[in-house]
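Working notes, structure below.
The values are calculated or read from the model by the stated rules, or taken from the named source; none is laboratory data. Everything quoted here is computed from the prediction, not taken from an experiment. Here the Cβ is made from the backbone with ideal geometry for all residues, glycine too, and neighbour counts use every protein chain on show.
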Amino acid sequence: MVTTPSEDRTEMLNAREAAEHLGVKLSTLYAYVSRGWLKSYRRKVGRQALYRRVDIESLRGVVTPERGRRGRSLPEASSWVTVAQPPRTEGAPPGVIVAESAVSSIIDKRLVYRGYLIEEIAERASFEEVCLLLWRGERASSEEVEALRAEISGARMPVSAAAALAAVGQDAPPLLRLAAVMPSLAALERSQAPRSHIRQAMLLMSVMPLALARSTVTVAAGEQDGMAARLLRIARDSEVRDWEIAALERVLIACAEHEINASTFAARVVASSGADLYACTLAALCSLSGPIHGGSCDRIERMFAQLAGGGRIAACLEEFAREQALPPGFGHVMYPAGDPRAALLKDVATRIARRRGRRLFETALRVEEAVWKAQRLRPNLDFYLTVCVHLLEFPTGLPSAIFAVGRAAGWIAHSLEQYADNRLIRPRIRYRGPAIRHWS
């Protein structure tokens with residue numbers, strides 16, 4: 001609660017002075033207030049927030065950064081990581097609160113990136129603008145956007161990363177190829193002069209498409225290619241059209257961020273240890289490689305292949321029911337009424353189908369209708385992501401990798417946020433083993 005300081009109160013500091021005294025950013029100072037670790041006051045005249053110097057001095061020993069780490073621990077983990085399902089209001093989605101973030105959220109069943117509605121961003125922004133928005137918190141200048149596009153367009157695979165890709169082999173799954181280049185990028189970073197996290201993020205994003213190239217032949221860059229054009233040139237090795245770039249741009253933006261999940265949490269945990277962005281992204285990719293988290297696109301591809309080979313939708317759904325599994329790409333715990341990202345990508349798929357042929361798209365519509373009738377489930381992001389990627393004629397196996405390239409923007413954003421206000425993520429576990437016993 002904000003109160004008014006009395007005239008004889010201990011010396012007061014304004015927000016900028018308090019932040020400088022703590023050695024933190026203004027946004028971090030405001031986070032301390034919102035979390036209840038610091039009280040702010042108001043003058044009797046004017047609206048400027050003030051802080052007691054004695055409170056700042058008391059907090060300083062707790063939060064002052066020391067070589068990227070805290071001098072002492074902040075409030076114990078039980079105040080921010082729960083070990084059981086917390087109480088929730090009726091109709092709210094399940095989940096365990098593990099952190100506070102300003103990167104994205106689901107507000108009134110609508111997804112926002114830094115407060116901007118995903119539908120508006122997808123229609124008006126480029127993927128590079130979204131990357132910088134997520135990383136910096138505010139919209140970037142045109143010069144910053146062009147710098148990121150130039151980094152992506154002019155990227156060449158480092159020799160050490162190319163050797164890592166050769167070691168895993170051309171037939172390795174795309175997610176494994178993306179993961180393989182991360183340690184070599186980290187090693188390369190250590191051999192050079194220190195660079196900012198944003199510069200590291202730009203390098204990381206620019207190299208990811210190169211790991212998906214269909215051959216080791218150097219891919220010619222288009223004039224100021226962005227990520228969408230670069231992916232199309234590299235992974236398809238064919239002519240690229242403006243409408244295809246626009247479609248893939250929307251796909252990448254829809255994939256870029258979605259609050260917290262297994263892979264994003266993995267990235268934040270690694271970031272909390274002080275590890276670099278390459279390690280954070282590698283951890284996220286490893287999490288995504290698990291079939292429960294990132295395997296849905298592969299199962300959707302197999303379902304469409306079965307249907308294209310003459311299989312019946314009803315038979316496919318019966319098979320899933322026998323296995324007590326949901327149809328792949330349907331249902332989302334956060335969106336019982338339907339995933340807004342799926343609606344966005346369904347619109348993208350509609351636009352592509354007008355130019356590329358409607359057979360796959362019409363099959364997708366029939367699957368969606370059948371699942372709704374049988375189980376009252378709506379499609380999630382994975383379903384129409386897979387449809388869009390196939391309509392854009394990417395090779396089989398690429399939907400999950402396209403997702404990873406887009407989501408890397410969010411993984412980086414969360415890692416940067418963790419660095420900015422860090423404490424080691426060290427939750428507890430509820431022990432269910434035997435009582436103390438003795439080895440005799």
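State which residue pairs qualify: first residue closer than 16 Å to V367 by Cβ and inside region 331-343, second residue in a helix (DSSP H, G or I) in any location, beta carbons under 7 Å apart, and separation of 6 or more residues or different chains.
Close Cβ pairs (under 7 Å, with a partner that is in a helix (DSSP H, G or I)) amount to D339/L381; A342/L381; A342/F383; A342/Y384.
Taking into account only those residues within region 100-127 that are in a strand (DSSP E or B) and free of Cβ contacts under 8 Å to residues at least 12 places away in the same chain, which is surrounded by the most Cβ atoms within 10 Å (Cβ to Cβ)?
Of the residues in region 100-127, the ones in a strand (DSSP E or B) are 104-107, 110-113, 116-117.
When the remaining residues are screened for being free of Cβ contacts under 8 Å to residues at least 12 places away in the same chain, the result is 107, 112, 117.
Details: I107: 10, V112: 19, L117: 14.
This residue is V112.
Answer yes or no: is there a residue in region 245-253 that is in a helix (DSSP H, G or I), of a type in the set (V, I, T) and touching a residue at least 24 places away in the same chain (Cβ under 8 Å). Before the answer, list the steps.
The first filter runs over region 245-253 and keeps only residues in a helix (DSSP H, G or I), leaving 245-253.
Cutting the leftovers down to of a type in the set (V, I, T) gives us 245, 251, 253.
Filter once more, keeping what is touching a residue at least 24 places away in the same chain (Cβ under 8 Å): 251, 253.
Taking every residue of region 245-253 in turn, at least one turns out to be in a helix (DSSP H, G or I), of a type in the set (V, I, T) and touching a residue at least 24 places away in the same chain (Cβ under 8 Å).
Residues of region 147-171 being surrounded by fewer than 14 Cβ atoms within 10 Å (Cβ to Cβ) and closer than 19 Å to M205 by Cβ, which ones?
As a first pass, look at region 147-171 and keep what is surrounded by fewer than 14 Cβ atoms within 10 Å (Cβ to Cβ): 154, 156, 159, 163, 166-167, 169-171.
Listed by number, the residues that qualify are G154, R156.
Of the conditions (1) without any contact (Cβ under 8 Å) to a residue 60 or more places away in the chain; (2) aromatic (F, W, Y); (3) under 30 Å from D242 (Cβ atoms); (4) surrounded by fewer than 24 Cβ atoms within 10 Å (Cβ to Cβ), W372 fails just one. Which one is it?
The number of the failed condition is (3).
Got at least one residue in region 154-174 being touching a residue at least 24 places away in the same chain (Cβ under 8 Å), farther than 25 Å from S27 by Cα and within 19 Å of the chain's Cα centre (by Cα)?
yes
Hey, any hits in region 271-284 for a residue that's crowded, with 23+ Cβ neighbours inside 10 Å, of a type in the set (V, I, T) and in contact (Cβ under 8 Å) with a residue 12 or more places away in the chain?
Checking region 271-284: at least one residue is crowded, with 23+ Cβ neighbours inside 10 Å, of a type in the set (V, I, T) and in contact (Cβ under 8 Å) with a residue 12 or more places away in the chain.
Where residues in region 285-302 are hydrophobic (A, V, I, L, M, F, W, C) and out of contact with any Phe, Trp or Tyr (no Cβ under 9 Å at 6 or more places or on another chain), which of them is surrounded by the most Cβ atoms within 10 Å (Cβ to Cβ)? Before the answer, list the steps.
Let us first name the residues in region 285-302 that are hydrophobic (A, V, I, L, M, F, W, C), namely 285-286, 288, 292, 297, 300.
If we keep only those that are out of contact with any Phe, Trp or Tyr (no Cβ under 9 Å at 6 or more places or on another chain) as well, we get 286, 292.
On the way: C286: 17, I292: 8.
Looking at the filtered set, the residue picked out is C286.
Hey, among the residues in region 222-244 that are of a type in the set (G, A, S) and either on the phi > 0 side of the Ramachandran plot or in a helix (DSSP H, G or I) (or both), which one's surrounded by the most Cβ atoms within 10 Å (Cβ to Cβ)?
Residues of region 222-244 that are of a type in the set (G, A, S), as a first pass: 222, 226, 228-229, 235, 238.
When the remaining residues are screened for being either on the phi > 0 side of the Ramachandran plot or in a helix (DSSP H, G or I) (or both), the result is 228-229, 235.
Numbers: A228: 28, A229: 24, A235: 23.
Per the stated criteria, the residue is A228.
From L210, L204, L185, grab the single residue that is closer than 30 Å to L117 by Cβ, within 23 Å of the chain's Cα centre (by Cα) and crowded, with 20+ Cβ neighbours inside 10 Å. Reasoning before the result, please.
Values: L210 fails: closer than 30 Å to L117 by Cβ; L185 fails: closer than 30 Å to L117 by Cβ.
One residue alone meets the criteria, L204.
Whether any residue in region 353-372 is of a type in the set (K, R), modelled with pLDDT under 95 and touching a helix residue (DSSP H, G or I) at 6+ places or on another chain (Cβ under 7 Å) is what I want to check.
Yes, the conditions are met somewhere in region 353-372.
Is there any pair with a first residue in region 217-232 that is over 20 Å from L203 (Cβ atoms) and a second that is assigned to a loop (DSSP other than H, G, I, E, B) and at pLDDT below 95 whose Cβ atoms are under 7 Å apart and which are 6 or more apart or on different chains, and what are they?
L232/V240
Quick check, is A409 touching a Leu at 6+ places or on another chain (Cβ under 8 Å), surrounded by 23 or more Cβ atoms within 10 Å (Cβ to Cβ), among the small types (G, A, S) and closer than 30 Å to D276 by Cα? Walk me through it before giving the result.
Working: touching a Leu at 6+ places or on another chain (Cβ under 8 Å): yes; surrounded by 23 or more Cβ atoms within 10 Å (Cβ to Cβ): yes; among the small types (G, A, S): yes; closer than 30 Å to D276 by Cα: yes.
Yes; evaluated as a whole, the condition is true for this residue.
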